[in-house]
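The values are calculated or read from the model by the stated rules, or taken from the named source; none is laboratory data. These numbers were taken from a predicted model, which means no experiment stands behind them. Cβ placement follows ideal geometry from the backbone for every residue including glycine, while neighbour counts extend to all protein chains displayed.
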Amino acid sequence: MKCGFFLVIAYLNLLGLSAWGQRNVSNFDRDWRFARFGLQADGTRLPEPDSLEAYEVDDTSWRKLDIPHDWAIEGPFRIDLDGYTGKLPWQGIGWYRKHFTVSAKDKKKRFYLDFDGAMANAEVWLNGKKVGERPFGYSSFRVDLTPYVLYGADNVVAVRLDTEKFGSRWYPGAGIYRHVRLVKTEPVHVAHWGVFVTTPEITDTYATAFVHVEVENNRQYAVKGQYTVDIYELDANDVIGEKVASTTKRSMFLDAGSSVEDSVSLRVESPKRWDLEHTHRYLACVSVYDKNKLVDVYDTPFGFRTILFTHDNGFLLNGKRVQINGTCNHHDLGALGAAINKVALERQLRILKSFGCNALRTSHNPPAPELLELADKMGFLVMDELFDCWTVGKKKNDYSALFDKWHEKDIETLVCRDRNHPSVIMWSTGNEVHEQYEPEKGVARHLTEVVHRFDHTRPVTFGASYPSKSAMNGTELQVDVHGMNYAAGVYGGPDFYGKFLNKEGHEHLSGYSSESSSTMSSRGEYFPRKHHVSSYDLTEPGWGGLPDWEFAALDKYPAICGEFVWTGFDYLGEPTPFNSDASVLLNHAEALNREQLAQEKEALEKIEKNRPTSRSSYFGIVDLAGFPKDRYYLYQSRWLPDLPMVHILPHWNFPDRMGEVTPVFVYTSGDEAELFLNGKSLGKKKKLPYEYRLRWDDVIYKPGELKAVAYKQNQKWAEAVVRTTGEAVKLKLTPDKTSIKADGEDLVFVKVSLTDKDGNEVPTAENVISCTLVGTGEVIATDNGDPTCLIPFQETTRPAFNGLYLAIVKARFGCNGPLHLIVESKGLERAEMKIMIEN
């Protein structure tokens, strides 16, 4: 059998399953019923009735919705709630119920529900009978429905989630926030995540694909089974190409109610390697036979590539050194909350790629499977992370409460789910864990060994919060590659790297910066404003550092593989420095002296007393709405050195600073620049060794025009201009696209800017903006990137923040178009745009 006949793969199952052969995977996201009990959004409590899992419960009055769903993002923001989890009412008890039918013709089939993630403490019932549970809200899991399915009748799935008994240091979301699929198979079929493809040999001439297969027999008698493997080329649009390798049928004997594992090696001629620029992939298609009858087909995308972390030459991809220019990111999608949306996630990755980011750290938990799929296709390296803590917790009811019972199962889940993705280059078992100071307990070694049970092809790591201790006490030798958080600054400066590499016993140990910088800023803010941080990019917390520090350390010690910056995007929660979360001290107290520790404690107590309004972080290179901050251009100048670019900050609208010193910074990929104010040169400056920004610190403010001309190797490279603008009189709409699919998933992101009469964007405008959508769709969220704004994201009226506003548009499922977006602000010309519906 030839799989797919060159058609587009229907990736109903993002974990590698298909609808071909006897396996059927159906989307299970639509038409759920939802009710919330326990803590309510307004802080009151609604008693939870008994036995809501029961088959006969009347759920007709429950709210009807589709998943993925995050009940907490609806708000409201509450000033009395903690900033570290975004001031959103995420704690509560949620019940979901869904009715569905199963044909009487399917009595001999097996039925499973696959959850990509449910937050948190999930319990699942079918027709009143419990079929499974998973407390860790970030783990994917499967439940077997088969024993309790009613054929030719109504079936009811009930899911209970409890976030009141879950602790988090950031906004975790709440609800069935990732996709769910109904999987139907024959009794003999490939097990869940039951195909593992490794590539032990890769040359220009040929490559070896070693395919490990696990097959289950759910019959009550033994089966003489067979299987084959075919390998096809797979393009970026999931279109299957030429068959490049295949096997003859291989026999398997399966006892009743058992599973059997087997492996086969296939040779692929002239393999196309996966790398960051050429994301070539292949598809392993496993066909299973019961005697001679085809009973299952299971598909797994993979790639040919080699990875190697060296102690003296950094990270090698396919034998070539690649600098890791990575960012850490939490899982929320800003105004959309934790509910996964592939279109929104792809937008985030495009923005990251636009300033040169080539690697992602899934801080600090298993990601949605869509992230790995997109990373494979778009060309990102991934540090796939598991936990924020091990046996010692940072918050009440955090993962430490689950560790003993669940950590091995959660590791198995993540590794088996993600191990075929070529983008994954490391497994991270933790972040800033207490046990890094207790190497004698061997927890890091144990976790490394557990990971290697399921994948021996990739190194294991974790992020050490105080590497000048934990990288010198033996813990670093319990992992394969050592991650060091903030090692360029407070942990001994750049010279620490040299000490690390030269220490006896470390001759072959590779190191990288698992978390760097933590610079803070508010987009478009430069001088004091309550609960904002200056975008001069010179503010960092006591444990962190500036981008320049990490750049210098990496330039001085090129053996270090690179960095993961904290963070690519602003995220909900952790609004440091306006954050009273004491777990910050738990993470970083070792890096502070007594005086600093006392000051931090005093500051936290003061913040807690005053309860600031901040609901999202300031760490991002990009703000919560996806608008670049100034730091975006600093990283772009570093990570895309061949891109001609120059960026000037600040803007030049400061009527209250006439005659005052107003420093001007220039970020450029050139090596020198000349600055002009109203046509007059303020001098040329050249980057010195270990210098990454050019500064004119004594500029006297006069309205008009700032111009920077950058040079590289004495040749003109790029130029940029900022001007003092007039008052805002118009609205300008900039959509990321002008058509939308009516599939219930697609989105259009519309940037709204305010301009003066000449079309210049006004960077200080904060007019109140409203938007309306005419047609069969809705504006599902708006934002402005202001971390202090407590207007719920579902509201369509909010002020612009420093000249910008974002509207997110969605078409209704199956609707006809077009859609018509109208954006208005009192006293300004309104703006309109048409969004076409794609057929």
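Here residue 716 fulfils each of the conditions (1) surrounded by 16 or more Cβ atoms within 10 Å (Cβ to Cβ); (2) assigned to a strand (DSSP E or B) apart from (1). Evaluating residue 703 against the criteria (1) in a loop (DSSP other than H, G, I, E, B); (2) under 30 Å from residue 85 (Cα atoms); (3) not polar (S, T, N, Q) leaves one unmet condition, (2).
Looking at the structure I just gave you, is residue 292 of a type in the set (S, T, N, Q) and at pLDDT below 95? So residue 292 passes the test.
Restricting attention to the stretch 127-144, does a residue exist that is free of Cβ contacts under 8 Å to residues at least 12 places away in the same chain, assigned by TED's automatic domain parsing to the domain that holds residue 179 and in a loop (DSSP other than H, G, I, E, B)? No: the stretch 127-144 contains no residue that is free of Cβ contacts under 8 Å to residues at least 12 places away in the same chain, assigned by TED's automatic domain parsing to the domain that holds residue 179 and in a loop (DSSP other than H, G, I, E, B). The residues of the stretch 56-94 that are hydrophobic (A, V, I, L, M, F, W, C), within 17 Å of residue 337 (Cβ to Cβ) and either modelled with pLDDT of 95 or more or not assigned by TED's automatic domain parsing to the domain that holds residue 45 (or both), listed by number, are 65, 67, 71, 72, 73, 77, 88, 90.
Applying the criterion of being farther than 30 Å from residue 150 by Cβ and of a type in the set (A, V, I, L, M) to the residues of the stretch 74-102, the residue that is surrounded by the most Cβ atoms within 10 Å (Cβ to Cβ) is 88. For residues that are in contact with a helix residue (DSSP H, G or I) (Cβ under 6 Å, 6 or more places away or on another chain) and among the hydrophobic types (A, V, I, L, M, F, W, C), scanning just the stretch 400-437, find the one that is surrounded by the fewest Cβ atoms within 10 Å (Cβ to Cβ). That would be 416. Just one of the numbered conditions (1) at pLDDT 95 or above; (2) farther than 28 Å from residue 466 by Cα is not true of residue 609: (1).
Evaluating residue 326 against the criteria (1) outside the structural domain of residue 228 (by TED's automatic domain parsing); (2) small (Gly, Ala, Ser); (3) surrounded by fewer than 23 Cβ atoms within 10 Å (Cβ to Cβ) leaves one unmet condition, (3). Would you be able to say whether some residue in the stretch 156-170 is over 17 Å from residue 121 (Cα atoms) and part of a strand (DSSP E or B)? The answer is yes, given that some residue of the stretch 156-170 is over 17 Å from residue 121 (Cα atoms) and part of a strand (DSSP E or B). Here the strands (runs of 3 or more DSSP E) wholly within the stretch 729-839 that include at least 3 residues being at pLDDT 95 or above, of a type in the set (A, V, I, L, M, F, W, C) and within 30 Å of residue 79 (Cβ to Cβ) are 747-755, 768-774, 777-783, 804-811. Exactly one residue out of 87, 109 is under 20 Å from residue 162 (Cα atoms) and among the charged types (D, E, K, R): that is 87.
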